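Single-structure report; data block below.
The values are calculated or read from the model by the stated rules, or taken from the named source; none is laboratory data. Every value quoted in this text rests on a predicted model; they were computed, and no experiment measured them. Ideal geometry is used to build each Cβ from the backbone, glycine not excepted, and the neighbour counts take in all protein chains shown. Note: areas computed on protein heavy atoms with side chains; ligands, DNA, RNA excluded. Shrake-Rupley method; radii C 1.70, N 1.55, O 1.52, S 1.80 Å.
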Amino acid sequence: MFDPFIAPSGTLLGLLQRGRGDGTLHALAAPRPEALAALNHCVLSDPRHDWQIENRSLYYARLYLDLDGGTEEIERHLWDPEDHLDTDDSRTGLALAVLGHLASYGRDDALVLLRRYAASGANWAWALDELALRDDDTGLRSLAEAVLARFPATPDGTAELAATVRDAFEPRPWRLWADDPRETVGARVRAATEQGSFDRWQRQMRPGGPRPGWSVEAVFAWAQEGLERGSALHVPAARCLSAVAGAEDRPLIVEAARSGPDGARCAALHYLAEARDPAVLDLVELAVTGPSRTGPSRTVADAAVAAFERMCGDEAVARARRWAHRPDALGASAAGVLACRGAAQDTPLVLAALREAVRGEGPDTTRLWTLVDGAGRLGIACAAPVLRHVYRETSSSHLRGRAARALAATDPSFASGFAVECLWDCEETTRELAAHHAETGDIRVAERLRRLAADPAEEAEVQTAVRSRIGPDAPAV
């Protein structure tokens, strides 16, 4: 999937793409055709960089309800000829998830679209998962023949059906179909279920990787073989070393971390970092800056930085204070360690790293995640302007939520400012934060809290936070 184009944060489209609460508020105040056009653009062209950690579907579904928007554009998108050419989940996944939420709010047009797409669309499995959560038994049973027709009665088709049943995210439809009395439905699904269970058992009986009886050299060889095949096995290899290595093996492991082949070197660095070996910090620095047996290696340098970030002792924090001024990846990592585990004395270093990351890499770099958290953890009040910039400009709703949490700890104006719009944010953790902090002097806050409390689609954690503000023992809202 290509990185999406994100409109400027001051535009209606940019606000909706980011999932900001102000996006909903501006859409409700804008001309309805303009608001629906921007909303459809977002739903049909997923604006998220990482759909696994960013939420948008409930946010967009609620706006469809508020705008009384139809599903005609989504229908055209689902049945575009491209559906059978571009079968990547990212093309239709967000639209199907939005339809799922609309169906849960009682929108029959959304339910019908999901059923039709599950029967004939390329991304049918996603649609079926949405229906598994919202449709009744009758509706799901009506799809059995259409779905099973996708798997021909051949050895390959039977194997594919077994894998699909085994790996189904929502098993409810398959369980219903297994009870179907028809031979072409119930018998096929039962056989596929049995085959899937057998396949899973076979995988469990054939575990890969080294066993505790292996030697340290064998673990290093396994890690190196994996690297040569394109698989980074140094973290599991480090865990294997913990099982097979003894005190007498330390010289061999230290030497591998200093000058061994890349796979062995990466595994040794991770093992020594987990063991908090006194030599590991110097070896990490050597891996990033010094020569190796085969010349500088980016693989080893990255593994060394990752190993350092996993360390949690005082010695790692002390070394991070020395490294935080470095202009390389190790310096950036050191600043992150101080943000996560440093003390008040580290405030200037964390603040400098935060400003430099925004200035040099922009408001979307993942390096900001730990730095933003650190600004909040350390209560760096003078970081509030930078945090507000990140909040407004980042296209990652996940990072925006982190910025909101940091602002709650550093910015006295948060409760009457960003916390209010956060009640409409696309991320449930951000809405939960807002429910705890938003000042109720704003008339919009009281109404929004009541609506969230009554919304059956809202997350339980958000509703708990809301009830702490509007319950019988809470201050009047």
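Residue farthest toward the positive end of the dipole of the chain, with Cβ of Lys/Arg at +1 and Asp/Glu at -1: which of L36, P348, Y59?
It is P348, whose Cα lies furthest towards the positive end.
Give me the one-decimal nm value for the distance between modelled label points at A279 and A352, 7 Å along each residue's Cα-to-Cβ direction.
3.2
For Rg and Dmax of the Cα atoms in Å, pick the label among [x] 26.6, 75; [y] 27.3, 81; [z] 22.2, 74 that corresponds to the value derived from the coordinates.
[x]
Computed FRET efficiency, Cβ-Cβ of D179 and Q345, R0 60 Å: what is it to the nearest 0.05?
Approximately 0.35, to the nearest 0.05.
Counting only protein heavy atoms, what percent of the accessible surface of region 26-170 is carbon or sulfur at a 1.4 Å probe?
51
Evaluate E = 1/(1 + (r/R0)^6) for H325 and F5, where r is the Cβ-Cβ distance and R0 equals 35 Å; express this FRET efficiency to the nearest 0.05.
0.45
With r defined as the distance between the Cβ atoms of E361 and S413 and R0 fixed at 30 Å, what FRET efficiency is calculated, to the nearest 0.05?
Once rounded, the FRET efficiency stands at 0.65.
Read phi for every residue in region 357-369 and hand back ³J(HN,Hα) as whole Hz from Karplus 6.51 cos²θ - 1.76 cosθ + 1.60, θ = phi - 60°, with x for Gly and Pro.
Computed from phi, the couplings for region 357-369 are 5, 5, 5, x, 10, x, x, 10, 5, 5, 4, 6, 3 Hz.
Output the relative contact order of region 258-367, whole-number percent, from Cα pairs under 8 angstrom with separation of 6+ residues.
On the way: 109 pairs, mean separation 22.0, N = 110.
Normalised by residue count, the contact order of region 258-367 is 20 percent.
Explain nothing, just compute: Karplus ³J(HN,Hα) = 6.51 cos²θ - 1.76 cosθ + 1.60, θ = phi - 60°, for every residue of region 54-69 in order, whole Hz, x for Gly and Pro.
Going residue by residue, I get 10, 9, 9, 4, 5, 4, 6, 4, 4, 5, 4, 5, 5, 8, 6, x Hz, with x marking Gly and Pro.
Multiplying the sequence separation of E225 and D249 by 0.36 nm and subtracting their Cα-Cα distance, what value in nm do you get?
Values: separation 24, 0.36 × 24 = 8.64 nm, distance 2.10 nm.
Length difference between fully extended and current span is 6.5 nm.
Using 0.36 nm per residue of separation minus the Cα-Cα distance, give me the extension gain between T138 and D108 in nm, one decimal. Show your work: numbers first, answer last.
Details: separation 30, 0.36 × 30 = 10.80 nm, distance 1.47 nm.
Additional length available on full extension: 9.3 nm.
Put +1 on the Cβ of each Lys and Arg and -1 on the Cβ of each Asp and Glu in region 281-389; which of T299, V288, L378 then has its Cα farthest toward the positive end of the dipole?
L378
Under a Cβ-only charge scheme (Lys and Arg +1, Asp and Glu -1), can you give me the dipole magnitude of the chain about the Cα centre, in debye to the nearest 20?
1100
Full extension from A460 to A159: what is 0.36 nm times the residue separation minus their Cα-Cα distance, to one decimal in nm?
On the way: separation 301, 0.36 × 301 = 108.36 nm, distance 3.97 nm.
Between A460 and A159, full extension yields an extra 104.4 nm.
Quick check for you: with a 1.4 Å probe and neighbouring chains kept, what is the accessible area per residue of the chain, in Å²?
Averaged over the residues of the chain, the accessible area is 47 Å².
Between L28 and T87, with labels modelled 7 Å along Cα→Cβ, what's the label distance in nm to one decimal, could you check?
4.2
What do you get for trypsin sites (Lys or Arg not before Pro) in region 230-335 restricted to DSSP loop and a cutoff of at most 16 other Cβ within 10 Å of the site's Cβ?
R276, R293, R310
For region 75-121, give the magnitude of the charge dipole about the Cα centre (Cβ charges: +1 Lys/Arg, -1 Asp/Glu; no others), in debye to the nearest 20.
So the dipole magnitude of region 75-121 works out to roughly 240 debye.
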